[in-house]
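Structure, as structure tokens:
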Amino acid sequence: MSLSVFTPHEILTRLAKPNLETINHYALAPDDILVVCGGFEDRAIGVLQNAVATQTPFQVLLIRYEPHLTANKVQEIHDTCARAKVAVQEAVYNLQSPAGFGDTLARILSECRGKIFLDVSGMSRLLIVQAIVALSARPSSFIDCFITYAQAKYYAPSQHDAETALARSEKDQTYGILFLSSGVFEVTVISELSSVAIAGEQTRLVSFPSLDEHHLIALRSELQPSRFSFIEGIPPNSDNYWRQKIIAKLNHLDQIRDAERYVASTLHYQDTLEHLLDIYSRHALLERLMIAPTGSKMQTVAVGIFRSIVHDVQIVYPTSRGFCDTANYTQGVGQFQILPLGAFSALEIAHDER
């Protein structure tokens, strides 16, 4: 018998990843906590409304965004909880000063005696990563922790609107395409998601090209990476496959020399997680990896899981200056999903006997 010691990356690679499961109803017990975020998309309250219609009481932790947007559904969440006689506790998340929120969240959730359901449907990408890393830092790690997620019924823009805007930008270099956000406030780097890197080594930016082309522009300008790995999203609905091609053109991916390009489902997080593991295994020894979680919500869940296990990567995020018309975002509430995170707690065991 020999004792083999594996790195966290190697253990995560070998682990059988749990599946994202489609469900009809969420059932929570009185000691359970549902963590929701008061965003402005319809699906921000979808999981909560489903849960209170199935069973109450349970507890709700409402993450309230600052600066406040009138379109945010904070009041709807309070009203829904009041009608269902569900207790609500609030925590404030400053989008422009997010450092330290992971510690705040971990402290609040340390009092939970039941299960923790983290609803990422209304969360910003950076918050998703911070929240998942905070859960992993608990003494019991991911045990009794679940990701909940509501898909949208409609994802803007339409193919016609996207192609029209792209054609106009190609003819008029002064025309800026602003589908979702109105620019980048700053590229955010917070200490809780930082890594130590040797000065002078090569840097690789791992990012998820999106309809916000200014995200990649800001990342390239401020971080000055020497290498690139792009993970391009493939929507689960074939009617939206056109988005990958449009996003690639919008971000001029073909013009970025020697860039690695991967494709991954925007829904099934395992695709993204496997790509992150592959990128890490091939490049982390000689390059500093910076990951910008600018993809879909479930792709960002993969980034959060990866960063909670593999600590020597840097999370960077292009924080938006503001948002365009909220009608440009998703509409409606579609299928519900749940992802049990307990299997990832096994990664605390860093060796295997053979």
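Quick notes on this structure:
- With a cut-off of 9 Å between beta carbons, the residues surrounding residue 92 carry a summed charge of -1, where Lys and Arg count +1 and Asp and Glu -1.
- For trypsin sites (Lys or Arg not before Pro), the sites in the stretch 1-104 that DSSP calls loop and that have at most 13 other Cβ atoms within 10 Å are 85.
- Dividing the mean sequence gap of close Cα pairs (under 8 Å, 6+ apart) by how many residues the stretch 159-328 holds gives a relative contact order of 34 percent.
- Placed amide H near residue 203: partners under 5 Å, 5+ positions off or other chain: 226, 227, 288
- Electrostatic tally near residue 116: other residues with Cβ closer than 12 Å to its Cβ, Lys and Arg +1, Asp and Glu -1, net -2.
- The chain - percent relative contact order, Cα under 8 Å, separation 6 or more: 28 percent
- Going from the fewest other Cβ atoms within 10 Å to the most, the residues 154, 262, 26 appear in the order 154, 262, 26.
- In Hz, Karplus ³J(HN,Hα) per residue of the stretch 239-250 (6.51, -1.76, 1.60; θ = phi - 60°; x = Gly, Pro): 5, 10, 4, 4, 4, 4, 5, 5, 5, 4, 5, 4
- Per-residue Karplus couplings for the stretch 282-292, computed as 6.51 cos²θ - 1.76 cosθ + 1.60 with θ equal to phi - 60°, are listed in order as 8, 10, 5, 5, 10, 10, 8, 9, 10, 10, 10 Hz, Gly and Pro entered as x.
- Candidate cross-link partners of residue 249 among the lysines, defined by an alpha-carbon separation under 27 Å and a same-chain spacing of 8 or more, comprise 153, 171, 297.
- Label-point separation, residue 70 to residue 237 (7 Å along Cα→Cβ), nm: 2.9 nm
- The fewest-to-most ranking of 21, 192 by surrounding Cβ atoms within 10 Å reads 21, 192.
- Couplings for the stretch 32-42, taken from phi via the Karplus curve 6.51 cos²θ - 1.76 cosθ + 1.60 with θ = phi - 60°, read 7, 10, 9, 8, 10, 10, x, x, 9, 6, 4 Hz in order; Gly and Pro are left as x.
- Residues 37, 145, 112 arranged by fewest to most Cβ contacts within 10 Å: 112, 145, 37
- Tensor-based shape of the chain (alpha-carbon gyration tensor, a/c under 1.5 rounded, otherwise prolate or oblate): oblate
- Relative to the Cα centre, the charge distribution of the stretch 159-328, modelled as +1 at Lys and Arg Cβ and -1 at Asp and Glu Cβ, gives a dipole magnitude of about 120 debye.
- Taking a ≥ b ≥ c as the square roots of the eigenvalues of the Cα gyration tensor, the stretch 20-64 is classed as oblate, since a/c reaches at least 1.5 and a/b does not exceed b/c.
- Scanning residues 5 or more positions from residue 320 or on other chains, those with amide H under 5 Å from its amide H are 185, with H placed 1.01 Å from N in the peptide plane.
- Cut-off 15 Å between beta-carbons: net charge of the residues surrounding residue 247, Lys and Arg +1, Asp and Glu -1: -3
- Computed helical MRE - 222 nm, the chain, DSSP H runs ≥ 4 contributing -39500 (n - 2.57), nearest 500: -9500 deg cm²/dmol
None of the figures in this text is laboratory data; all of them are computed from the coordinates on show. Computed from a predicted structure; not experimentally measured. Note: ideal-geometry Cβ built from the backbone for every residue, glycine included; neighbour counts use all protein chains shown.
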